[in-house]
Amino acid sequence: MPEEINIAPPILRPVIAAGLSLVFAGLGHLFLRKYLRAAMFSLMAGFIYMISDYWPKGMLLNLIFFIITAFDAFSIGRRGFGIF
């Protein structure tokens with residue numbers, strides 16, 4: 001009987017990338033060596049943070065942006081391409 005071979009991609013790399021993106025947008029992409037995306041997301045997060053100025057809706061927008069970038073970093077780490 002042939003043995004079943006499980007060819008599942010490692011899960012640790014995408015999880016680390018997603019966690020870093022939750023700390024600050026773009027860090028997970030930097031970890032995955034996607035430098036253009038990292039720069040783009042970091043600049044966008046910095047801009048949102050600057051305009052929010054402790055405005056609750058602005059902070060919520062930044063939080064949502066961090067979550068979206070975490071999903072994107074996880075997707076790149078797992079599948080090789082992002083959600084954008």
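Within the stretch 29-57, the residues that satisfy the criterion of being touching a helix residue (DSSP H, G or I) at 6+ places or on another chain (Cβ under 7 Å) and among the charged types (D, E, K, R) are LYS34, ARG37.
Consider GLY77 carefully, then state whether it is in a helix (DSSP H, G or I) and under 10 Å from the mean Cα position of the chain (by Cα). It is true that GLY77 is in a helix (DSSP H, G or I) and under 10 Å from the mean Cα position of the chain (by Cα). Residues that are closer than 16 Å to PHE84 by Cα and in contact (Cβ under 8 Å) with a residue 12 or more places away in the chain do not occur anywhere in the stretch 46-64. For the condition surrounded by 12 or more Cβ atoms within 10 Å (Cβ to Cβ) and under 12 Å from ALA17 (Cα atoms), ALA39 does not qualify.
Anything in the stretch 25-70 that is outside any helix (DSSP H, G or I) and modelled with pLDDT of 90 or more? List them, or say none.
Of everything in the stretch 25-70, those that are outside any helix (DSSP H, G or I) and modelled with pLDDT of 90 or more turn out to be ALA25, GLY26, LEU32, ARG33, LYS34.
The values are calculated or read from the model by the stated rules, or taken from the named source; none is laboratory data. Model, not experiment: these values are computed from the prediction. Cβ sites come from the backbone with ideal geometry, for glycine too, and all protein chains shown count toward neighbours.
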